Amino acid sequence: MKVTCLGTGSPEPSLRRASSGYLLEVEDNKILIDCGGGVFGRLLDYGLFPSQLTHLIFSHLHSDHMLDYPRLIHAIWDANKILPKIYGPEPLNLINEKIFGSEGMLSFDLTARTKLQASQEVWIARGGKIPRPWPNPIIKEINNNWIYKIGNLKIQSCSVPHAEPFLNCLGFRFDFNDKSFVFSGDSGLCKELELLCENADLLIHWCYRMSHEKKFPKITKKSPSADQIAKMAQRANVKQLLLTHMRSHMDTEENHLQMSKELKNNFSGISRIAEDLMEINLT
């Protein structure tokens, strides 16, 4: 089981970090978790074509977790390749319709690409047939009780506190043979996620603020700092911890040193700050 961090940033513009996106490779499966802005390019940087993805899973539907979704699906469709299976919380089907539907964001583009004779010639050259269908990804909306098996891989979800009641937000655990990986999504501390993390080999957890940043109580409550995340990971007996979702002001040498110190002081396992294209092999 291999995890690659494709996007470790926030909605803020950054040359260092794309928005949220993680690739999980297990057996013949290539599973993309979230597809935020810049993740499409990072996938290519890693050396993988979008059409090689077998599954796409969304933790929640904030823009920085799904802005590259239209580009990803459109690119696979335009190349006449098989779309991945897609999973995410509601209203993912409605969002997809507003992008690829008959009156969706890309309806003018799709009309041109399917009706223009020159575009039809390109489509036929790629092995397609006329009439050319529009993108029609198969989507399954999931909730906090989702359990899914792909071969020897088991996936479980739980609800996490973040943007409720406006968005349903999920954390995930992936178990393959005797190895496990937990992705928090954007999560405040909660019993459900801590239980999901129990004895995990790897936890990737969002960290949206420094420990001294407490000016905004609502943000503080739902945005644990490095020391709080480290303590939770220690209680759950996690083996390796990565902090992700770094905001631009957090990416200074001083702040990285502070977060690294808080991790080491409160967590006995391996701990790091995630970076784009960082690879973790769980063997």
Practice problem: Tally the residues that are open to solvent by 100 Å² or more (accessible area, probe 1.4 Å) and in a loop (DSSP other than H, G, I, E, B), restricting the search to the stretch 95-115. | Solution: 2
Exercise. Tally the residues that are touching a strand residue (DSSP E or B) at 6+ places or on another chain (Cβ under 6 Å) and free of Cβ contacts under 8 Å to residues at least 60 places away in the same chain, restricting the search to the stretch 227-247.
Key: 6
Quiz item: Across the stretch 133-162, which residue is least open to solvent (accessible area, probe 1.4 Å) among those that are of a type in the set (G, A, S) and within 16 Å of the chain's Cα centre (by Cα)?
Solution: S157
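Pick out the one residue from A125, A118, A75, A112 that is closer than 19 Å to L53 by Cβ and not acidic (D, E).
Values: A125 fails: closer than 19 Å to L53 by Cβ; A118 fails: closer than 19 Å to L53 by Cβ; A112 fails: closer than 19 Å to L53 by Cβ.
After applying the criteria, what remains is A75.
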Quiz item: For the subset of the stretch 213-250 comprising residues that are under 14 Å from S271 (Cβ atoms) and among the hydroxyl-bearing types (S, T, Y), which member is surrounded by the most Cβ atoms within 10 Å (Cβ to Cβ)?
Solution: T244
Quiz prompt | Hits in the stretch 171-209 (condition: surrounded by fewer than 18 Cβ atoms within 10 Å (Cβ to Cβ) and assigned to a loop (DSSP other than H, G, I, E, B)) | solution = N177, D178, E198, N199
Quiz item: When both residues are 6+ apart or on different chains and their Cβ atoms are under 9 Å apart, which pairs have a first residue that lies in the stretch 1-16 and is closer than 16 Å to F181 by Cβ, and a second that is polar (S, T, N, Q) and open to solvent by 40 Å² or more (accessible area, probe 1.4 Å)?
Solution: M1/N177; M1/N281; M1/T283; K2/N281; K2/T283; V3/N281
Quiz prompt | Residues of the stretch 117-132 satisfying the condition of being free of Cβ contacts under 8 Å to residues at least 12 places away in the same chain, outside any helix (DSSP H, G or I) and open to solvent by less than 100 Å² (accessible area, probe 1.4 Å) | solution = I130
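Quick check on my filter: what residues within the stretch 78-87 are open to solvent by less than 10 Å² (accessible area, probe 1.4 Å) and either over 15 Å from the mean Cα position of the chain (by Cα) or closer than 9 Å to S51 by Cα (or both)? Walk me through how you get there before you give the answer.
Looking only at the stretch 78-87, we keep the residues that are open to solvent by less than 10 Å² (accessible area, probe 1.4 Å), and these are 84, 86.
Selection gives P84 alone.
When you go through F108, F100 one by one, which is the residue that is under 30 Å from the mean Cα position of the chain (by Cα) and within 30 Å of I147 (Cα to Cα)? Steps first, answer last, please.
On the way: F108 fails: within 30 Å of I147 (Cα to Cα).
That would be F100, the only listed residue that is under 30 Å from the mean Cα position of the chain (by Cα) and within 30 Å of I147 (Cα to Cα).
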Quiz prompt | Matching option when the condition is in contact with a Leu (Cβ under 6 Å, 6 or more places away or on another chain), within 20 Å of L242 (Cα to Cα), small (G, A, S) and open to solvent by less than 40 Å² (accessible area, probe 1.4 Å), among G37, G21 | solution = G21
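Got at least one residue in the stretch 269-283 being at pLDDT 95 or above and surrounded by fewer than 13 Cβ atoms within 10 Å (Cβ to Cβ)? Before the answer, list the steps.
Let us first name the residues in the stretch 269-283 that are at pLDDT 95 or above, namely 269-282.
Keeping just the survivors that are surrounded by fewer than 13 Cβ atoms within 10 Å (Cβ to Cβ) gives 279, 281.
Checking the stretch 269-283: at least one residue is at pLDDT 95 or above and surrounded by fewer than 13 Cβ atoms within 10 Å (Cβ to Cβ).
The values are calculated or read from the model by the stated rules, or taken from the named source; none is laboratory data. Because the structure is a prediction, the values reported are computed rather than measured. Backbone-built Cβ (ideal geometry, glycine too); neighbour counts: all protein chains shown. Remember, those area values only see protein heavy atoms, side chains included, never the ligands or the DNA or RNA. Shrake-Rupley method; radii C 1.70, N 1.55, O 1.52, S 1.80 Å.
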